[in-house]
Amino acid sequence: MRIDLDVISQWVTPSSRVLDLACGDGTLLSRLASDKSVFGYGLEIDSNHISDCISKGVNVIEHNLDTDSLDTFGDASFDTVIMTQALQTMRYPDKVLEEMLRIGKECIVTFPNFGHWKARIYLALNGRMPVSDILPYEWYDTPNIHFCTFKDFEFLCKQRGITVKHRQVVTENSIDKTGAKFLPNFFGETAIYHLS
Amino acid sequence: MPHSHPTGSVGIVTPSTQRFTDPLILANGDVLEEYDLVYETYGTLNQSASNAVLICHALSGHHHAAGKHSPDDRKPGWWDNYIGPGKAIDTDRFFVVSLNNLGGCHGSTGPVSINPKTGKAWGATFPRLRVRDWVHSQAKLADHLGIDTWAAVIGGSLGGMQAMRWSLEYPDRLRHCAVIASAMKLSAQNIAFNETARQAIMSDPDFHDGDYLEFDTYPKHGLSIARMIGHITYLSGDGMGEKFGRELRKGNFNLGERDLVEFEIESYLRYQGERFSGTFDANTYILMTRALDYFDLSREYGNDPSQAFAQSKCKFLVLSFSSDWRFSPQRSKEIVDALIAARKPVTYAEIESSHGHDAFLVPNARYHDVFSRYMQQITI
């Protein structure tokens, strides 16, 4: 699941300022720094990830996005605010999204599509919450507490007046690749949104 | 996991003393015509002098940060947990310089030194130093050692204040600045604790307005109480509870029991006060606590910390400890926020610990991991 980094990288302006929320092990920021001379900070809560970031020389700030405010980040103080595969783990995803759009001139968000056909069929046939290789958690221990589909997300954007500049759908196999051209919300596994 | 803490030692170390005869103009307008700085070094300075690290000590610290002075020493230097081969400040890579600050009482010129103008001990007349005075004297020591640029300037608590001041006063002379359990200025509560400690010293009849040396006395009792007050604030309530609880040192509460009952914590604090007051100078304690109180990173930068940090050119590591209420994680976050607002590189971690402010001295697996990783990625 690192295919989205290439897409994200395309949308980030060279030598710009980037804030990566839930930056994980710092792979993206470290790549943006070396490939595009980007100056960035990552916010992260997991201590192992923080350690990985430090070893990569990534500016990482220990921060809990669910409980610590982002008030101290100035309006439009970053060119791009990024959040990859973490929106669905937030306690208040809509508030985080609003903060991202306040702090960044642009935002990039990626999340797994709960409307993917495998999830739909799993629920339809088994009558149980989908568990797959991409979503390997049981309902009670999953960090993904706010799942949405592409449609759900776009509905939120429309409601809040958020402009979707680009959307790229990521697929793993050829069936999905072909299908996603016609029915992205059915065949797309991950979406990458470029917002402003 | 303290048992996994690296045990490498720098071994037996010997302090050096350097006399400086270039007058040092102090922030309060006084001039120190000449002065001594006592320091220790660990590790080897490389050819290009690019691997030097400066350790700035805290309130009661001194130059002896690592190793032992003799094999019989009961304890190693004050930061031996983090300085040594294979440790966070790895002496196999770095050349570490640790000095006793001016105004100290461990060999550098301070209140117990003789004022050449009077032939008597400075005592209470020793200039009221500010953090920047230490920074300027440390820069003189760097010149003497042939160190143009520090790979890192590192300090905890009051030492962190010096490290931050370094980044503003000499932005081209350090590449990394590690600020541990520190703050950009003290809170009113912090100043209140310091003043109470000072009053304990000054109200000791043996203090004689700071000229106790002339009277051949020593305000041991006052200094002891000052240390007890300080010590309470360096520990956390939970940490104290875990360690001492309500355990009794002597006596009991049986019916009919008249003898004094004493809690373990009482005896512990008294022991700490007793030990400290036997080795520390009261005037130095007053001077150091005042320097702490006076410090305000952004006073001359329109009280805007981001304007202050705009001067800096180095990268920052900021660390705080969850149970530290004297220099709480919030104070460290303010540093981080100011650095982000100033668009400076910074890494921040809040370390889980029950040791309060003292946590920066105590073995802690995550602290060691974060600190080590940061130091390892510094190019030398």
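No value in this document is a laboratory result; all are computed from the given coordinates. Worth saying up front: this structure is predicted, and the values here are computed from it rather than measured. A quick note on method: Cβ atoms are made from the backbone with ideal geometry, for glycine too, and the neighbour counts reach across all protein chains shown.
Just to be sure I understand, how many residues within segment A:148-172 are closer than 13 Å to A:HIS116 by Cα and over 16 Å from the mean Cα position of the chain (by Cα)?
Step one: filter segment A:148-172 for residues closer than 13 Å to A:HIS116 by Cα, giving A:148-152, A:169-172.
Checking which are over 16 Å from the mean Cα position of the chain (by Cα) leaves us with A:172.
Residues flagged as closer than 13 Å to A:HIS116 by Cα and over 16 Å from the mean Cα position of the chain (by Cα) within segment A:148-172 amount to 1.
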(request) Would you mind stating whether B:ASP369 is out of contact with any Pro (no Cβ under 8 Å at 6 or more places or on another chain), more than 9 Å from chain A (Cβ to nearest Cβ) and acidic (Asp, Glu)? (result) no
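Residue by residue, here is whether (1) within 20 Å of B:PHE371 (Cα to Cα); (2) in contact with a helix residue (DSSP H, G or I) (Cβ under 9 Å, 6 or more places away or on another chain); (3) among the small types (Gly, Ala, Ser) holds:
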residue	(1), (2), (3)
B:ASN81	yes, yes, no
B:ASP92	yes, no, no
B:ASN100	no, no, no
B:CYS105	no, yes, no
B:PRO116	no, no, no
B:LYS120	no, no, no
B:ARG132	no, yes, no
B:GLN138	no, yes, no
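For residues that are among the aliphatic types (A, V, I, L, M) and buried (at least 24 other Cβ atoms within 10 Å of the Cβ), scanning just segment A:19-42, find the one that is nearest to the other protein chains (Cβ to nearest Cβ). Walk me through how you get there before you give the answer.
Of the residues in segment A:19-42, the ones among the aliphatic types (A, V, I, L, M) are A:19, A:21-22, A:28-29, A:32-33, A:38.
With the extra rule that they be buried (at least 24 other Cβ atoms within 10 Å of the Cβ), the set shrinks to A:19, A:21, A:28-29, A:32.
Details: A:LEU19: 9, A:LEU21: 13, A:LEU28: 16, A:LEU29: 12, A:LEU32: 14 Å.
Checking each candidate, the answer is A:LEU19.
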(message) Against the condition of a type in the set (Asp, Glu) and over 20 Å from B:ALA342 (Cβ atoms), how does A:ASP75 come out, does it pass?
(response) no
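Could you check segment A:1-112 for strands (runs of 3 or more DSSP E) lying wholly inside it with 3 or more residues that are among the hydrophobic types (A, V, I, L, M, F, W, C) and within 16 Å of the chain's Cα centre (by Cα)?
Numbers: elements: A:17-21, A:39-44, A:60-62, A:78-84, A:104-112.
Result: A:17-21, A:78-84, A:104-112.
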(request) Filter segment B:121-160 for residues that are under 21 Å from B:MET184 (Cβ atoms), in a strand (DSSP E or B) and either small (Gly, Ala, Ser) or touching a Pro at 6+ places or on another chain (Cβ under 8 Å) (or both) and give the result. (result) B:ALA152, B:GLY155, B:GLY156
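Taking the stated definitions as given, is B:SER323 more than 14 Å from chain A (Cβ to nearest Cβ), buried (at least 20 other Cβ atoms within 10 Å of the Cβ) and not in a helix (DSSP H, G or I)? Steps first, answer last, please.
Details: more than 14 Å from chain A (Cβ to nearest Cβ): yes; buried (at least 20 other Cβ atoms within 10 Å of the Cβ): yes; not in a helix (DSSP H, G or I): yes.
Against the criterion (more than 14 Å from chain A (Cβ to nearest Cβ), buried (at least 20 other Cβ atoms within 10 Å of the Cβ) and not in a helix (DSSP H, G or I)), B:SER323 qualifies.
Does segment A:101-109 contain at least one residue that is more than 14 Å from chain B (Cβ to nearest Cβ) and surrounded by fewer than 17 Cβ atoms within 10 Å (Cβ to Cβ)?
From segment A:101-109, those more than 14 Å from chain B (Cβ to nearest Cβ) are A:101-102, A:105-109; that's our starting set.
Imposing the further condition that a residue be surrounded by fewer than 17 Cβ atoms within 10 Å (Cβ to Cβ) reduces the set to A:102, A:105.
Yes, segment A:101-109 has at least one match.
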(message) Being without any contact (Cβ under 8 Å) to a residue 24 or more places away in the chain and under 21 Å from the mean Cα position of the chain (by Cα) is true for just one of B:GLN189, B:GLN138. Which residue is that?
(response) B:GLN189
(request) Quickly run through segment A:144-196 and pick out the residues that are of a type in the set (Phe, Trp, Tyr) and outside any helix (DSSP H, G or I). (result) A:PHE147, A:TYR193
(request) Could you tell me whether segment B:334-345 includes any residue that is away from chain A (no Cβ under 14 Å), outside any strand (DSSP E or B) and touching a helix residue (DSSP H, G or I) at 6+ places or on another chain (Cβ under 7 Å)? (result) no
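Conditions (1) touching a Leu at 6+ places or on another chain (Cβ under 7 Å); (2) of a type outside the set (S, T, N, Q); (3) crowded, with 24+ Cβ neighbours inside 10 Å, marked per residue:
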{"residue": "B:PRO76", "(1), (2), (3)": "no, yes, no"}
{"residue": "B:GLY84", "(1), (2), (3)": "no, yes, yes"}
{"residue": "B:ASP90", "(1), (2), (3)": "no, yes, no"}
{"residue": "B:ARG93", "(1), (2), (3)": "no, yes, no"}
{"residue": "B:SER98", "(1), (2), (3)": "no, no, yes"}
{"residue": "B:HIS106", "(1), (2), (3)": "no, yes, no"}
{"residue": "B:GLY110", "(1), (2), (3)": "yes, yes, yes"}
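Using the structure shown, decide if B:ASN303 is on the phi > 0 side of the Ramachandran plot and away from chain A (no Cβ under 11 Å). Full working, then the answer.
On the way: on the phi > 0 side of the Ramachandran plot: yes; away from chain A (no Cβ under 11 Å): yes.
Taking the combined requirement at face value, the residue satisfies it.
What number of residues within segment A:47-57 satisfy the criterion of being over 15 Å from B:VAL318 (Cβ atoms), of a type outside the set (D, E, K, R) and at the interface with chain B (Cβ under 8 Å from one of its Cβ atoms)? Working first, answer last.
Of all residues in segment A:47-57, those over 15 Å from B:VAL318 (Cβ atoms) come to A:47-49, A:51-52, A:55-57.
Restricting the remaining residues to those that are of a type outside the set (D, E, K, R) gives A:47-49, A:51, A:55, A:57.
Among the residues that remain, those that are also at the interface with chain B (Cβ under 8 Å from one of its Cβ atoms) are: A:47, A:51, A:55, A:57.
Counting residues in segment A:47-57 that are over 15 Å from B:VAL318 (Cβ atoms), of a type outside the set (D, E, K, R) and at the interface with chain B (Cβ under 8 Å from one of its Cβ atoms) gives 4.
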(message) Exactly one condition in (1) facing another protein chain (nearest Cβ under 7 Å); (2) part of a helix (DSSP H, G or I); (3) free of Cβ contacts under 8 Å to residues at least 40 places away in the same chain; (4) not β-branched (Val, Ile, Thr) is false for B:GLU350; which is it?
(response) (2)
